[in-house]
Each structure stands twice: as C-alpha cells, then as structure tokens.
Amino acid sequence: WDTKAIVGVYRLLQRIWRNVVDEETGELRVGDEPADDDTRRVLHRTIDAVRDGMETLRFNVSIARITELNNHLTSRFGEGSVPREAVEPLVLLLAPLAPHVAEELWHRLGHEDTVVRAPFPEADPAYLVEESIEIPVQVNGKVRARIRITPGLSQDEMIAAAQADDQVKALLEGKTLRKAIAVPDKLVNLVVS
C-alpha cells in the first residue's frame, strides 16, 4: 500500500462520476438509447473479469477492468449521452470497491432501493466469444503475414485461410508446399522449398 497512490483511485472515481453526471449542471449524462455491440462486448467481458477478480480476491484485476470499461465509455461517447445499459452495470461493479460513490450514483440513476440490494451483473456468454481473431502465418518459420479467422476453425480450414491470403499467395508462388502445420487459434506455419 502506498499512500501516494491514492490519487490514482481518486482520479478513477472522478472519471466514472463524469461519465454519469455532468460536472457543470449536475444533470445525468445517461440516456435510454441502446448500447452498440462493441460497447456490449466490452461491458460483458468486464463483468466476467470483475466477477472472477472478486471471487479470486484479485481486486487489482477488477479495478483494471472497470477502468478499461470506463475509458471505453469515455472515448466512445465523449460529452454525449452514455447508455444506461452500460452505466448501471458499471455502478454495480464499482459498488463492492467504492460503496459510497456507487450508492450516490445509483440513487442519481433513479433507483429507490440501495445498490446493495441490486443483483450483481451477470455476463452474457454471447458477448464473451471473439468473433474473429488475428493469427500469424509463418513461411519457413518466419512470420510473413497475419490473417483474421473465426475461432474454432479446424486445422485444414486454418491452412486454407492462410493460403487464400494475397500476401501468402505471393510468397508461395512457384514454390512447393512441403508441410503445413496449424496450431488451433494460434498460428499457421507453411514449409516450402
């Protein structure tokens, strides 16, 4: 514990407050418009990570993920209206770590009951799955390209996707493919001569 580090916690709480409450007018900056899919994905990954961090007593992980969610909301919505769909779970995630600030924000969001009585957010598994991942493609052991694939492809599908890439096609042109190795969701290595 470092007493000089408390300023970082104070700044985080200020940034969260500013995402919910306009500093000049004191009015809520929260709107009822639905969140976009990118925000939902960040939100549900945060819920999953914070829940895990709380259960394993790794509070620093929980705080880091709350910070990432808040930074996403700040960059995505700036001075505009932040979706209630993202703000309410953020306040609930903050409650075990900063109960007084979370309680005040919860009441400003229009809730009569205490934040302690609200159920802790549950992550939607549909938003935890990566839609696509980037993997390296090696030719003779050296990374020559990166491709985006759907997670869970078979080794043959990964190799086919690598060979379909324009950059890889150019490297394979006029050469004989001796061996193709695919590590699921990690990399493809093509050995040519």
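So for segment 124-193, averaging the separation of alpha carbon pairs under 8 Å that are six or more residues apart and normalising by length, what relative contact order in percent results? Please list the in-between numbers first.
Details: 117 pairs, mean separation 24.7, N = 70.
Relative contact order of segment 124-193: 35 percent.
Round to the nearest 10 and report in Å² the accessible area of Asp113, as given by a 1.4 Å probe over the protein chains' heavy atoms.
We get 90 Å² for Asp113.
Over the Cα atoms of the chain, Rg to Rh with Kirkwood Rh, two decimal places? It would help to have the intermediate numbers written out before the result.
On the way: Rg = 22.7 Å, Rh = 19.6 Å.
That ratio is 1.16, to two decimals.
List the relative contact order of segment 74-172 as a percent without decimals, with contacts defined as Cα pairs under 8 Å and 6+ residues apart.
Working: 73 pairs, mean separation 15.4, N = 99.
This gives 16 percent for segment 74-172.
Got a sec? What order do Met158, Met54 fall in by accessible area at 1.4 Å, biggest, i.e. largest, first?
Working: Met158 0, Met54 40 Å².
From most exposed to least exposed: Met54, Met158.
Local charge sum around Val137 (other residues, Cβ-Cβ under 13 Å, Lys/Arg +1, Asp/Glu -1)?
Working: positive: Lys142, Arg144, Arg146, Arg148, Lys169, Lys186; negative: Glu134, Asp165, Asp166.
Residues near Val137 contribute +3 overall.
Hey, what does the equivalent ellipsoid look like for segment 94-157, semi-axes from the Cα gyration tensor as sqrt of 5 times each eigenvalue, largest first, whole Å? Don't skip to the end; give the middle numbers.
On the way: eigenvalues 440, 39, 15 Å².
Computed over segment 94-157, the values are 47, 14, 9 Å.
If ligands, DNA and RNA are left out, what is the accessible area of Asp22 with a 1.4 Å probe, given in Å² to the nearest 10?
Approximately 50 Å² for this residue.
Per DSSP H run of n ≥ 4, the term is -39500 (n - 2.57); total these for the chain, divide by its residue number, and report the mean residue ellipticity at 222 nm rounded to 500 deg cm²/dmol.
On the way: 7 runs with 91 residues, N = 193.
Taking each H run of at least 4 residues, the total per residue is -15000 deg cm²/dmol.
Using alpha carbon centroids, what distance separates segment 6-54 and segment 66-126, in Å?
The distance from the Cα centre of segment 6-54 to that of segment 66-126 comes to 5 Å.
Taking a 1.4 Å probe, which of His100, His72 shows the most accessible area, and what order do the others take after it?
Values: His100 160, His72 25 Å².
Highest to lowest solvent-accessible surface, that is His100, His72.
On a straight-distance basis, which lysines could pair with Lys175 in a cross-link, Cα separation under 27 angstrom, same-chain partners fewer than 8 positions away excluded?
Lys142, Lys186
Take each uninterrupted DSSP H stretch in the chain, measure its Cα extent along the helix axis, and return the ones at 20 Å or beyond whose mean Kyte-Doolittle hydropathy is at least -0.5. Could the numbers behind the result be given before it?
Values: long enough: 6-20 (22 Å, 0.41); 37-55 (27 Å, -1.06); 59-77 (27 Å, -0.05).
Going by DSSP H runs, the hits are 6-20, 59-77.
Using only Cα atoms, figure out Rg for segment 1-53 and give it as a multiple of 2.2 N^0.38 Å. Display every interim value, and only then the final one.
Numbers: Rg = 14.8 Å, N = 53, 2.2 N^0.38 = 9.9 Å.
In units of the 2.2 N^0.38 Å rule of thumb, it is 1.48.
Quick one: compute the contact order of the chain, relative version, from alpha carbon pairs under 8 angstrom and 6+ residues apart, as a percent. Intermediate results must be reported in sequence, preceding the final value.
Values: 243 pairs, mean separation 31.6, N = 193.
Relative CO of the chain lands at 16 percent.
Aspartates and glutamates near Lys169 by alpha-carbon distance under 20 Å, same-chain residues fewer than 8 away left out - which ones?
In chain and number order, the partners are Glu134, Asp156, Glu157.
Over the Cα atoms of segment 56-164, what radius of gyration and what Dmax do you get, in Å?
When restricted to Cα atoms, segment 56-164 yields Rg and Dmax of 20.5, 64 Å.
Starting from the Cα of Glu55, step 7 Å along the direction of its Cβ; do the same at Thr3; then give the gap between the two resulting points in nm.
3.8
Carbon-plus-sulfur fraction of the accessible area of segment 50-193, 1.4 Å probe, in percent?
51
Of all beta bridges DSSP finds with both residues in the chain, what is the antiparallel percent, to the nearest 5?
Approximately 75 percent, going by the DSSP bridge assignments.
Considering only protein heavy atoms, what per residue accessible area in square angstrom results for segment 27-131 with a 1.4 angstrom probe?
Details: 5610 Å² over 105 residues.
On a per-residue basis, 53 Å².
The values are calculated or read from the model by the stated rules, or taken from the named source; none is laboratory data. This structure is a prediction, so every number in the text was calculated from the model and none was measured. All Cβ positions, even for glycine, are placed from backbone atoms using ideal geometry, and neighbour counts span all protein chains on display. Ligands, DNA and RNA are excluded from the accessible area calculation, which covers all protein heavy atoms including side chains. Shrake-Rupley method; radii C 1.70, N 1.55, O 1.52, S 1.80 Å.
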